[in-house]
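A.B. asks: Here it is, the structure, as structure tokens.
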Amino acid sequence: MSWTWEYVFGAEEAARTAPPAFLAEVERRADELVRAAEAQYLHGPPYDGQDPKGDVIVVPGGMFTYQVVVRRERVYVVQITYLGF
């Protein structure tokens, strides 16, 4: 398995209608989260601890919520909110 990120729940639907520049920033930050998680949790599938707490990241135009699931080697973008600022 290899670390990656993906949209889940309503975030995937919201991504279809969000502006491309906003989505590009969300995806860039999600890529950064993947690199950080991969460096911190080298052996994801055998990990037996608790997953780290998710958080909210503010990006130009809005924000998004994410959750890291170490055993699946995934960063899930759970919600995106485009505010237009």
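A.B. asks: Send over a whole-number figure in Å² for the accessible area per residue of the chain, probe 1.4 Å. The partial results should precede the final answer.
C.D. replies: Numbers: 5200 Å² over 85 residues.
On a per-residue basis, 61 Å².
A.B. asks: Right, next: Using the alpha-carbon atoms, what tilt in degrees (0 to 90, nearest 10) does helix 20-40 show relative to the longest principal axis of the chain?
C.D. replies: It works out to around 10 degrees.
A.B. asks: I want the antiparallel fraction of DSSP beta bridges within the chain, as a percent rounded to 5.
C.D. replies: That works out to approximately 75 percent antiparallel.
A.B. asks: May I pose another question? In the chain, what percent of the accessible surface is made up of carbon and sulfur (1.4 Å probe, ligands and nucleic acids excluded)?
C.D. replies: Whole-percent figure for carbon plus sulfur exposure: 54.
A.B. asks: May I ask you to evaluate 6.51 cos²θ - 1.76 cosθ + 1.60, the Karplus curve with θ = phi - 60°, for each residue of the range 61-76 and list the ³J(HN,Hα) values in order in whole Hz, giving x for glycine and proline?
C.D. replies: Going residue by residue, I get x, x, 7, 8, 10, 9, 9, 9, 10, 5, 4, 9, 6, 9, 10, 9 Hz, with x marking Gly and Pro.
The values are calculated or read from the model by the stated rules, or taken from the named source; none is laboratory data. Because the structure is a prediction, the values reported are computed rather than measured. Note: accessible area is taken over every heavy atom of the protein model, side chains too, but ligands, DNA and RNA are not part of it. Shrake-Rupley method; radii C 1.70, N 1.55, O 1.52, S 1.80 Å.
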